[in-house]
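J.: Just passing along the structure, written as structure tokens.
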Amino acid sequence: MEIVRIIITGLIICFSSWLVGYIGLYLRTKIYDKDLKILRPPLLIFWIGLIEFLGCAITILIIFFVSFNEENAVWAIGYFLVSLLGFWLILYALNWRIEIKEESFIFRNMFRKKREIKYSEITKLKRLKIGGYRIYIGKKSIAVDYFIKGADNLWDILKVLKLKNDQR
């Protein structure tokens, strides 16, 4: 009976973090600010990741300290793997960033690796069916999700520059 309580607690925590994320993405407001020069994921992504990570960590602690046996160890491993998703969301929300400059943009990935990309280096732009777009620089690419504030600003700049380069 103890394991049922642990499983239900974990499922409630995971479901509630999913629900908060879904509601947040559904109710998001698109702010189209032409002067926005730094693109970042919304802070809501950080909170979703934090709630998920902490919820799974608490569930794992409950499993180990309240009722540990071999069967529960499998559940603890499962919750650990789910908590990695929360950790990834935290890294993504805190570190991913694009800073728009006059002749280039600076991209910083979720591991804080920076790269300055000149607009002339871009080989292809592609809109994604699920929203957002992908910027190709040679064989590498950068995905800009639809919920990133200011993503439309960069898309407009890149489209105008792409049209100018295609006309030459």
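The values are calculated or read from the model by the stated rules, or taken from the named source; none is laboratory data. Bear in mind that the values here come from a model prediction, so they are computed numbers and not experimental data. A quick note on method: Cβ atoms are made from the backbone with ideal geometry, for glycine too, and the neighbour counts reach across all protein chains shown. Remember, those area values only see protein heavy atoms, side chains included, never the ligands or the DNA or RNA. Shrake-Rupley method; radii C 1.70, N 1.55, O 1.52, S 1.80 Å.
J.: In degrees, nearest 10, range 0 to 90: what is the angle between the Cα axis of helix 151-167 and the longest Cα principal axis of the chain?
T.: With rounding to tens, the tilt is 40 degrees.
J.: Please report the base-10 log of the normalised intensity I(q)/I(0) for the chain, using a Debye sum with one equal scatterer per alpha carbon and no solvent, at each q in 0.16, 0.17 (1/Å).
T.: Each listed q maps to, in turn, -0.93, -1.00.
J.: Quick one: angle between helix 2-26 and the longest Cα principal axis of the chain, in degrees between 0 and 90, rounded to 10, please.
T.: Roughly 20 degrees between the two axes.
J.: Here's something else I'd like to know. How many nm separate the modelled label positions at Ile38 and Glu2, each set 7 Å beyond the Cα in the direction of the Cβ?
T.: 4.9
J.: Here is a further query. Hey, what angle do you get for helix 43-66 against the long axis of the chain, alpha-carbon based, 0 to 90 degrees rounded to 10?
T.: The angle comes out near 20 degrees.
J.: Taking Lys159 as the anchor, which lysines have their alpha carbon closer than 21 Å to its alpha carbon, excluding any fewer than eight residues away along the same chain?
T.: Lys30, Lys34, Lys37, Lys101, Lys118, Lys124, Lys126, Lys129, Lys139, Lys140, Lys149
J.: Oh, and also: By the scheme Lys and Arg +1, Asp and Glu -1, what is the net charge of all other residues having a beta-carbon under 11 Å from that of Ser104?
T.: Net of charged neighbours comes to -2.
J.: Quick one: which of 116-128, 137-149 comes out on top by average Cβ neighbours within 10 Å, and what's the full order, highest first?
T.: 137-149, 116-128
J.: While we're on this one: Any number yet on Rg/Rh for the range 35-115, C-alpha, Kirkwood?
T.: With Rh from the inverse mean 1/r over Cα pairs, Rg/Rh is 1.23.
J.: Considering only protein heavy atoms and a 1.4 Å probe, what is the carbon-and-sulfur percentage of the accessible area of the chain?
T.: The C+S portion of the solvent-accessible surface of the chain is 66 percent.
J.: Using r as the Cβ-Cβ distance of Ala143 and Glu102, and R0 as 30 Å, what FRET efficiency do you calculate, to the nearest 0.05?
T.: The calculated FRET efficiency here is 0.80.
J.: Would you please give the FRET efficiency between Phe68 and Trp88, computed as 1/(1 + (r/R0)^6) with r the Cβ-Cβ distance and R0 = 25 Å, to the nearest 0.05?
T.: Efficiency for this residue pair is about 0.40.
J.: So what is log10(I(q)/I(0)) for the range 46-85 at q = 0.24, 0.33 1/Å, when the Debye sum runs over its Cα atoms only?
T.: Summing over Cα pairs of the range 46-85 leads to -0.70, -1.04.
J.: Specify which residue in the list Leu81, Ile8, Gly150 is farthest towards the positive end of the charge dipole of the chain, using unit charges on the beta carbon of Lys, Arg (+1) and Asp, Glu (-1), about the Cα centre.
T.: Gly150
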